[in-house]
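The values are calculated or read from the model by the stated rules, or taken from the named source; none is laboratory data. This structure is a prediction, so every number in the text was calculated from the model and none was measured. Cβ placement follows ideal geometry from the backbone for every residue including glycine, while neighbour counts extend to all protein chains displayed.
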Amino acid sequence: MRSYESIFDWAESLTQKARERFGCRYEKGYHEVPSLSIIRNVLVRVNPLELDAAFRRWNDTYAKEDSTLAIDGKVMCNAVDESGRQTQIMSAVGHNTGICYTQKKSGRYR
């Protein structure tokens with residue numbers, strides 16, 4: 001993602017099950033994603049070395065056979081929903097195995 005807004009849009013497009021897996025706050029029967037301002041405020045304060053360590057721990061837990069992951073996003077041309085939004089896809093693929101560990105489709109891009 002290239003902006004805080006795009007990160008927020010992606011988070012908002014997550015299903016309730018995905019929000020639960022990410023540990024989003026549960027209130028009144030609903031998992032809520034952080035606001036745009038909270039996402040921005042957290043990311044500007046994150047120590048890049050600690051973030052890298054967290055990604056490495058995730059990789060050690062979920063992608064042990066891959067030394068690195070490629071995280072990529074694409075906007076699909078000519079894939080437009082009924083509200084005129086183009087489909088956007090983000091995925092995490094292991095470099096060594098070629099396994100796609102996660103993929104998320106969103107129609108939030110205009």
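Table: residues versus (1) outside any loop (DSSP other than H, G, I, E, B); (2) at pLDDT 90 or above.
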position	(1), (2)
37	yes, yes
52	yes, no
57	yes, no
66	no, no
78	yes, no
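Among the residues of region 55-98, which ones are within 15 Å of the chain's Cα centre (by Cα), surrounded by fewer than 16 Cβ atoms within 10 Å (Cβ to Cβ) and free of Cβ contacts under 8 Å to residues at least 40 places away in the same chain?
Passing the criteria: 55, 58, 70, 71, 72, 74, 75, 89.
If residue 10 satisfies all but one of (1) more than 17 Å from the chain's Cα centre (by Cα); (2) surrounded by 14 or more Cβ atoms within 10 Å (Cβ to Cβ), what's the number of the condition it fails?
Tallying (1) more than 17 Å from the chain's Cα centre (by Cα); (2) surrounded by 14 or more Cβ atoms within 10 Å (Cβ to Cβ), residue 10 fails exactly one: (1).
Suppose we keep only residues that are of a type in the set (Val, Ile, Thr) and more than 16 Å from the chain's Cα centre (by Cα) within region 26-54. Which one would you say is nearest to residue 7 (Cα to Cα)? Full working, then the answer.
First, pick out the residues of region 26-54 that are of a type in the set (Val, Ile, Thr): 33, 38-39, 42, 44, 46.
Remaining after also requiring more than 16 Å from the chain's Cα centre (by Cα): 44, 46.
Working: 44: 13, 46: 15 Å.
Selected residue: 44.
Just to be sure I understand the filter: pairs with C-beta atoms under 9 Å, separated by 6 or more residues or on different chains, first member in region 28-43 and within 17 Å of residue 13 (Cα to Cα), second member among the basic types (Lys, Arg) and surrounded by 12 or more Cβ atoms within 10 Å (Cβ to Cβ). Which pairs pass?
As it stands, the answer is 30/19; 31/19; 32/19; 33/19, since those pairs meet every condition given.
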